[in-house]
Every structure is written in structure tokens, then in C-alpha cells.
1. Rounded to the nearest percent, how much of the accessible area of the chain (1.4 Å probe, protein heavy atoms only) is carbon and sulfur?
2. May I ask you to derive the relative contact order of region 263-405, considering only C-alpha pairs under 8 Å and at least 6 residues apart, and to give it as an integer percent?
3. Report, to the nearest 10°, how far helix 14-26 tilts away from the longest principal axis of the Cα atoms in the chain, using its own Cα long axis and a range of 0 to 90°.
4. What fraction of the DSSP beta bridges in the chain is antiparallel, stated in percent and rounded to the nearest 5?
5. Once amide H atoms are placed 1.01 Å from N in the peptide plane, what residues at a sequence separation of 5 or more from residue 349, or on another chain, have their amide H within under 5 Å of its amide H?
6. About the Cα centre of region 59-140, how large is the charge dipole given +1 on each Lys and Arg Cβ and -1 on each Asp and Glu Cβ? Please answer in debye to the nearest 20.
7. For region 185-227, place one equal point scatterer on every Cα, skip the solvent, and apply the Debye formula. What is log10 of I(q)/I(0) at q = 0.16, 0.23 Å⁻¹?
8. With a Cα-only, solvent-free Debye model of region 285-375, what are the log10 I(q)/I(0) values at q = 0.12, 0.19 Å⁻¹?
Amino acid sequence: MRSTEHVGVVGAGIVGLALARRLSLHRPGARVTVLEKEDRVAAHQTGHNSGVVHAGLYYRPGSLKATLCRRGVGLLREYCAEHGLPYREVGKVLVAVDDEDTARLADIERRARDNGVPGVVRLGPRGLRDVEPHAAGVAALHSPTTAITDFVAVAEQLADDVRRSGGRVLLHTPVIDMRQDHDGVEVLTGDPDGERRIHRFDRLVVCGGLHGDELARMAGAGADPRVVPFRGHYHELVPERRHLVRGLVYPVPDPRYPFLGVHLTRHVHGEVMAGPNAILAAAREGYRARDLAPDDLARTLSWPGFWKLARRHWPMGAREVLVSSSRAVFARQARRLVPEISAADLRPAGSGVRAQALGRDGTLLDDFRVDTHGRVVCVRNAPSPAATSSLAIAEFLADHHVPER
């Protein structure tokens, strides 16, 4: 038996890098290698999100999301302080615009308290204006410790930690195939010059995000759930109108629908973003409306769960397409929260693509999900708040799914 344990991690997003760091620093004798197909870390979901450090308001008490989010917030705050990374508790308000929203606030408030979210208070219209002077609603819930950070900077620091502790982060290294035997896992990778190489690991952890289901199938996992990509488009408030939002202004989630809707978020570098909406992407990395990958689209449309989801939520889907196609309609959604916002106050910003795991039965997986297939551990679903929870997810994976040899 070798004294050195070789562990591979597929994916240099924030979850994969957090795990690699955890193993490199806390697993004596482990040699960790991260395999990343892009030319940089945090190229996809980590680098295209809102930058919000979620406090744990919404999540079902006792779920992995709730537990790891609350643990992750503390770890992330400490990590940012240790490394001089931006972390600002700007606070978040959930704005109820009618009586139906107000009734839903009570359930969210109970969840927040059950999850141990500190300082959450119910506000009336005057209290809301004290926190966010330009927001309007009949009631609100205020989470003063909800924060913002730069998740790309966090991911880059995690990668540096891996390298300094003796691990490797191999960029331009896409996984082509993998094979397990009784002694380990062989991973076949490529490079930009077309060269192929075999890496051998004792254990492999797949944190593949948008390609997580394809990588899981290479490991011998089933097709269920499948990753379905949803593109979210952002607009940005023009600089002279950024004062309309102090921190984070969100609508009250509607439990009938799988996505939140347009909200307003201040970033650590001063920008104020409106969005995202959510529409089906025609490519797993389809950041533009014109991006089309026929194989990706065919995989989505051939999945029975997609059509079951579409039948249930087609009105919402049609609305999201309309919001995406019209800046005026986009502004109308934002104006429900901050009435002074007009279409002239918005300019197009970037987009992100969310890797949403969808079951064969049409169910959108809500909680984090991790499966093990022999010597390969597959993170099958890691939606928001995965970035917030990343350091806690790394602990969880290392303690429960990557046992010491």
C-alpha cells in the first residue's frame, strides 16, 4: 500500500477548490490534483453569480442547504478576513408588495429563526424605508448579516492555497473519460495541443457544475438527475442611479415557481445589478441568447423530466422570455421593489448559466446532492447557496464521502 493517497478533483469552481484545499491542508499524506478544462479557475457558475453571501433565510430546517449554509457563512467570513478579501454585511430585505407576499413572510421568518439566522426582523413600510429609502412595500423581512463578496477572488485564493500546500491545479485539462478498477480510478484528459494523458487516483471527486451529469455517467452513475442549463440575464443600474439601492432588495419567493425573479444586488465594487431572470439555455455554456450547442439542446429536450416541468410551469417560462426580451418589462419587474427605477436607468450587463439538476419525474432538485459510485464521488446538485457554503461543503465531503485510506 502506498503511503501517499492520490485524490483527484474535477472542476476548479469554488466548491472543487474548497475541497482540494481542505484535503491538501488537513489530510496528511494526501496529494491533491484539480483538473479544470478552462484556462482559469471560477470560469463558469462561480464567476457569473451575484456575489451574495446568503444567510440561510429560505432553506428547509435540517436540510443540507440550511446546515451547510449557516456553517459556511462563518467559515467564509473568517476566510475573507484572514486573506484580506472583500466581505461586506450590507443586509437584505425581502419586500412584500401585497397581502399574499405578507403571508409568505411569516413562513420565511420561522425558517430563518429555526436556521439560526441572526438579527432577522419584520418591518413595516416605514421600517423598510429606514433600511432601503427607495424601496416600497406593505411589509418586509430584514436580514442585516446577509453579505456580499467577490467569489472569483475567493476561488483564486483557494487555488493558491492548494498550490502552496503541495497540490496541483491543472488548467486546460478537460476530462475525456474515466475508468475504475479495484485499485483506483484512471482519468483520461486532453490538452489544447490534442495530447492525451492518463492520471491515476485512489479517489476522485467530481464537482463538474454544468457538466456534472456527463462526468457522473463516465463514473458509472445513472442519468437521473440530468443537468438542465438556465440562463439568467442581468441589467446594471447606471452609475448616477446606484444610490437607489443600498444593499440587497429581493422579492418574496413564490413557492409555486422554481426561480426567484428579478432582484437588486449591490456588488463589492459598487455596481448595482438587477436580475437575473431565468430562461432555458440552448447550450450548457450559453451565456448569450444566440449561443447554441445542438448536442446540449438535444439532451435537454430528450429528457422526460424537462417536458413534465414545462407543462407545469409554462406560464412562468413565457413570462421569463418576455422579461428577457424587453428592457421595459425588465424594468417593470424591478420597479415592483424600487418604484423609481425606469428603463432608462438600466443598461445590459452579463449573464450566468445555472446548472439545475432535474429529475426524470420533472422535479427540480432543491437540496444539495452527493452520490458515490465506487471510488468516484459525484456532486450531482450544488445550486445556490453553494458558493456561500463552499468551505462547509468541503468539510462535509471530506468527512463523509472521501474517507481517509
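1. Details: 8470 of 16950 Å².
Here carbon and sulfur together make up 50 percent of the probe-accessible area.
2. Values: 138 pairs, mean separation 26.0, N = 143.
Dividing the mean separation by the residue count of region 263-405 yields 18 percent.
3. Between the helix axis and the principal axis of the chain, the angle is about 50 degrees.
4. DSSP beta bridges in the chain are roughly 70 percent antiparallel.
5. Answer set, sorted by chain and number: 234, 235, 236.
6. Details: 14 positive and 12 negative charges, 60 e Å.
In debye, rounded to 20, region 59-140 gives about 280.
7. -0.51, -0.89
8. -0.57, -1.12
The values are calculated or read from the model by the stated rules, or taken from the named source; none is laboratory data. Computed from a predicted model, the values in this text were never measured in an experiment. Virtual Cβ from ideal backbone geometry, glycine too; neighbours counted across all protein chains shown. These area figures cover heavy atoms from the full protein model, side chains too; ligands, DNA and RNA do not enter into them. Shrake-Rupley method; radii C 1.70, N 1.55, O 1.52, S 1.80 Å.
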